[in-house]
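In what follows, a structure is listed as structure tokens, so that the remarks can point back to it.
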Amino acid sequence: MSVRRCLIARDLLTMAGPIASELRGNIGDVGREEALIGLVRDGAVCVEAGRVVWVGPAVTCPDGFGQPELFEVLMPAWVECHTHALFAGSRAPDFARRNAGLGYAEILEAGGGISSTVRQTREASDEALLASLIARLERFAAQGVGAVEVKTGYGLDYDEELRHLRIIREAARTLPQLRIVATCLAAHVVPPEYRERRADYVTMVCDRLLPEVARLGLAEQVDVFCDRGAFTVEESRAILTRAKALGFALRAHSEELAHTGGTLLAAELGARSADHLEHARQEDFAAMAAAGTAAVLLPLVTIHLDLPDRPKARALIAAGVEVALSTDYNPGSANGDDLALTVSLGCSMLKLTPAEALRGVTRVAAEVLGLADHGRIEVGAAAKFVAFDLPCWSDLPWHMGAAPGRLPLLG
Ligand code: NIG
Ligand code: FE
């Protein structure tokens, strides 16, 4: 984006509003909706050297930023806060197996699923992995996404996890318009060679891998898949506790396949988020609210795996939990990267309001990644936006998938 610039929009969504539980008014009331997204009608944003320097009503906009550029709907660039975008190969054969009656968890137990992607990814060269990761991240940028999380989790040994983290760092260097947040998910599943000695894998992750990742500065976050068929609460506790001591921010995949207690653990350790939550309960929501742990909900998983249980988004919001939405882009449970469709499904399947869903892919998703300068339009924020050619901002989730006239403005 050129040095000084002024953007004016009929609907300017700043996302600078308060958390839903602090707002009066009934769910879906226009006033509540507009407060949640920090709507400024006929609003202006002035940017200088890649940062927002002024935001407010266009009539009071300062001079000196050149000819204003006009938009219908303008909002902060979206934030994709949960992806497994570094992988090789395909899991397409799973469709036939699943539709012949095997479940996702059974395929995983039989050595397929995540382990099949681990095999294919370990065999891929650095060059092939980097090229495919860059192509996937470019597709997010083309959607108007300005920050993306990328997890490891298909390496699952000391050298492979470090190799994958280095590839993520290389991709981040190649795409400076995207803020990439790297997450070490060495605790995705126990790799086959450790199946008979799980404790040794946990010890390797805690005592060798995580200290080296910290020393090299290769990741900002550490995640665990704490669920049936993955890691137990006690194994996850050991890994997250060590990660926290090393200065990593914490994330968790929890209560997707069964209720095992990973969400309470995530809240207890102050994790940024607990993700999935299909089987999470009221006591989990209360603990998350008290700890300030956000929920990341992933409706593409629900449809791709045709899961019978859905996370209780309305109960989460009523409990005072901030809710983010993400694609969970990965080769197995959600082989899709359409964040706009995710927003739409957040409304239709999870019963979020349009404002809550849009907040979930901007401000809340940025908070989940610890990014204070993404997901909102306010002074000091990164000058990254996405514009839409729509009659009203609330038409966005109403449209399933990319809405008309989408224009990424990532600088
Ligand atoms: O978020 N739940 C665990 N991990 C991923 C799935 C990864 C895969 O199936 O390859 C998820 O759904
Ligand atoms: Fe995931």
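The values are calculated or read from the model by the stated rules, or taken from the named source; none is laboratory data. Source: prediction; values computed, not measured. Counting neighbours? That spans all protein chains shown, and the Cβs are built from the backbone with ideal geometry, glycine included. To get the accessible areas, we keep the full protein, side chains included, count just its heavy atoms, and leave off ligands, DNA and RNA. Shrake-Rupley method; radii C 1.70, N 1.55, O 1.52, S 1.80 Å.
Structure above, values below:
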{"item": "Cβ-based net charge around residue 15, under 14 Å, with every Lys or Arg adding one and every Asp or Glu removing one", "result": "-4"}
{"item": "Kyte-Doolittle mean at least 0.5 and Cα axial length at least 15 Å: DSSP H helices in the chain", "result": "126-142"}
{"item": "Cβ-Cβ FRET estimate between residue 283 and residue 173, R0 fixed at 45 Å, reported to 0.05", "result": "0.55"}
{"item": "Sparsely packed trypsin sites (Lys or Arg not before Pro) within the stretch 188-237, loop by DSSP, other Cβ within 10 Å at most 12", "result": "195, 197"}
{"item": "Heavy atoms of residue 158: accessible area, 1.4 Å probe, square angstrom to 10", "result": "50"}
{"item": "Share of carbon and sulfur in the accessible heavy-atom surface of the stretch 79-368 [1.4 Å probe, %]", "result": "52"}
{"item": "Förster-model FRET efficiency, 22 Å R0, residue 21 and residue 348, C-beta, rounded to 0.05", "result": "0.45"}
{"item": "Two-site label geometry, residue 203 and residue 54: point separation in nm, points 7 Å out along Cα→Cβ", "result": "6.4"}
{"item": "The stretch 1-150: C-alpha gyration tensor shape, a/c 1.5 cut-off, then a/b vs b/c", "result": "oblate"}
{"item": "Span from the the stretch 37-113 Cα centroid across to the the stretch 241-284 one, whole angstrom", "result": "23"}
{"item": "Gain upon complete extension [residue 194, residue 216; 0.36 nm per residue less C-alpha separation]", "result": "5.4 nm"}
{"item": "Global geometry of the stretch 268-389, whether rounded, prolate or oblate, following the gyration tensor of its Cα atoms and the 1.5 cut on a/c", "result": "oblate"}
{"item": "The stretch 79-368 - charge dipole about Cα centre, Lys and Arg +1 at Cβ, Asp and Glu -1, debye rounded to 20", "result": "400"}
{"item": "Surface accessible to a 1.4 Å probe, residue 244 within the full protein complex, Å²", "result": "100"}
{"item": "Estimated [θ] at 222 nm from DSSP helical runs (n ≥ 4, -39500 (n - 2.57)) normalised by residues in the chain, nearest 500", "result": "-10000 deg cm²/dmol"}
{"item": "Gyration tensor (Cα) of the chain, equivalent ellipsoid semi-axes in angstrom", "result": "35, 23, 20"}
{"item": "FRET efficiency for residue 131 and residue 100, using Cβ-Cβ distance with R0 set to 30 Å, rounded to 0.05", "result": "0.35"}
{"item": "Rough spin-label spacing in nm, given labels placed 7 Å along Cα→Cβ, for residue 309 and residue 389", "result": "4.5"}
{"item": "Residue (of 224, 145, 377) at the positive-pole extreme of the chain, dipole from beta-carbon charges", "result": "377"}
{"item": "Accessible surface, the stretch 79-368, averaged per residue in Å² (probe 1.4 Å)", "result": "33"}
{"item": "Relative contact order of the chain, defined on C-alpha pairs under 8 angstrom at six or more residues apart (%)", "result": "21"}
{"item": "Solvent-accessible surface ranking, highest first, for 393, 398, 54 at 1.4 angstrom", "result": "398, 54, 393"}
{"item": "Extension gain (nm, one decimal) between residue 246 and residue 29, 0.36 nm per residue minus Cα-Cα", "result": "73.7 nm"}
